[in-house]
Amino acid sequence: MNTKQLADFLRVRREALDPKDVGLTGNGRRRTPGLRREEVARLADISTDYYTRMEQDRAPQPSPGVLKAITRALRLSLDERDHLFRLAGHPAPDRRRRDDHVAPSLLGVLDRLYDVPAQVMTDLGVTLVQNDLARAVFGDLTGQESVVYRWFTDPSTRAGYPVADHAAESQALVADLRAAAGRGVDARELIDRLMRESPEFAALWRLHEVGVMRNRRKRILHPSVGLLEFDCTALLDEDRFQLLALFSPAVGTATAERLALLGMVGAE
């Protein structure tokens, strides 16, 4: 672990970020450039004291989990992430395997979205990061199994959807998974598990339907504000391994007003 170089790297990368780059606004004039240490710590969900000690060359070795969180907070590229890991005395993540590094281009868009739910997902349906409204609508999905797996194996996942929409959602998820597998995504483990555990999935998989989920209507039954109707759009990263899912309130519905109420409740 090269603590001196690690401290310098963190400081330089922090000072290079404009608060607007990470969705921070209304912070007034700043005496020094870049983000404040407490802002980086908050974005990484670690203590300000620990992050400060890292920049002051007096912290113990950070774990890979902490390094991943700092990677997102500082909007590091893959090369910068690998450099951070090596400075901290850890091997860089194997790029031959998919990991949870979020494309900075998608994070940049997500940071600027306040009035619509949005989340970054892998092409196998694993949620990597959400904005506040997405958490308010769907709950905190980060760190959970693929949405496809949960849909077919955990009945509670369907509780937030109108029963009339269940069949169409099942078909769309299976068709999208088959499209991902056709693009060369390694979905074998996920497919094998679902074939063993879900007769519904197995029956749909044998139909060989293929369809990438792009623009579609989605309805959610929220326990606090009732029915929410969204027009969903997916923005793909340059490598097509991740997508930014945007959930815009459907025109002609009460969804925008109900989202505003959810946002107020979350702020309180």
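Any read-out appearing in this document is the output of simple, stated calculations on the displayed coordinates, not a laboratory observation. Source: prediction; values computed, not measured. Heads up, the Cβs are rebuilt from the backbone with ideal geometry, glycines too, and the neighbour counts pull from every protein chain shown.
Given a Förster radius of 30 Å and the C-beta distance between residue 142 and residue 208 as r, what FRET efficiency does 1/(1 + (r/R0)^6) yield to the nearest 0.05? Don't skip to the answer; put the middle values down first.
On the way: r = 32 Å, r/R0 = 1.07.
Efficiency at R0 = 30 Å is approximately 0.40.
Can you compute the FRET efficiency between residue 227 and residue 189 using 1/(1 + (r/R0)^6), with r the Cβ-Cβ distance and R0 = 30 Å? Round to the nearest 0.05. Display every interim value, and only then the final one.
Values: r = 35 Å, r/R0 = 1.18.
With a Förster radius of 30 Å, E is 0.25.
Based only on other Cβ atoms within 10 Å, what is the fewest-to-most ordering of 149, 51? Display every interim value, and only then the final one.
On the way: 149 22, 51 26.
The most exposed by this proxy come first: 149, 51.
Assuming R0 = 22 Å, can you tell me the calculated FRET efficiency for the pair residue 47 and residue 79, based on Cβ-Cβ distance, to the nearest 0.05? Could you put the intermediate results ahead of the total?
On the way: r = 28 Å, r/R0 = 1.26.
The calculated FRET efficiency here is 0.20.
With θ set to phi - 60°, apply the Karplus curve 6.51 cos²θ - 1.76 cosθ + 1.60 along segment 245-261 and write out the HN-Hα couplings as whole Hz, x wherever there is a Gly or Pro.
8, 10, 10, 8, x, 5, 5, x, 10, 8, 5, 4, 5, 5, 5, 4, 5
Using the count of nearby Cβ atoms within 10 Å as a rough guide to exposure, how do 195, 213 rank from fewest to most? Can you show the working numbers first?
On the way: 195 13, 213 18.
The order, fewest Cβ neighbours first, is 195, 213.
Could you give the nm distance between label points at residue 257 and residue 114, where each point is 7 Å from its Cα heading toward the beta carbon?
Each label point lies 7 Å from its Cα, and together they span 2.3 nm.
Using the Kirkwood radius built from alpha carbon pairs, what does the Stokes-Einstein equation give as D for the chain at 37 °C and 0.692 mPa s, in µm² per second? Mind showing how you got there, number by number?
Numbers: Rh = 20.3 Å.
So the translational diffusion coefficient is about 162 µm²/s.
How far is helix 64-73 tilted off the main Cα axis of the chain, in degrees rounded to 10, range 0 to 90?
Relative to the chain, helix 64-73 is tipped by roughly 90 degrees.
Mind pulling the angle between the C-alpha long axis of helix 188-197 and the longest principal axis of the chain? Nearest 10 degrees, somewhere in 0 to 90.
50 degrees
Report relative contact order for the chain in percent, whole number only (criteria: Cα-Cα under 8 Å, sequence separation at least 6). If you can, show how the numbers build up before the last one.
Working: 374 pairs, mean separation 40.9, N = 268.
Taking the mean separation of contacting Cα pairs over the length of the chain, I get 15 percent.
At what distance in nm do the modelled label points of residue 58 and residue 15 sit from each other, each positioned 7 Å from its Cα along Cα→Cβ?
2.0 nm
Could you check the spin-label model distance between residue 167 and residue 94? Points 7 Å from the Cα along Cα→Cβ, value in nm.
4.3 nm
Considering amide H positions built from the backbone, and no H for Pro or chain starts, which residues 5 or more places from residue 236, or on another chain, come under 5 Å of its amide H?
Placed amide hydrogens put 244 under 5 Å from residue 236.
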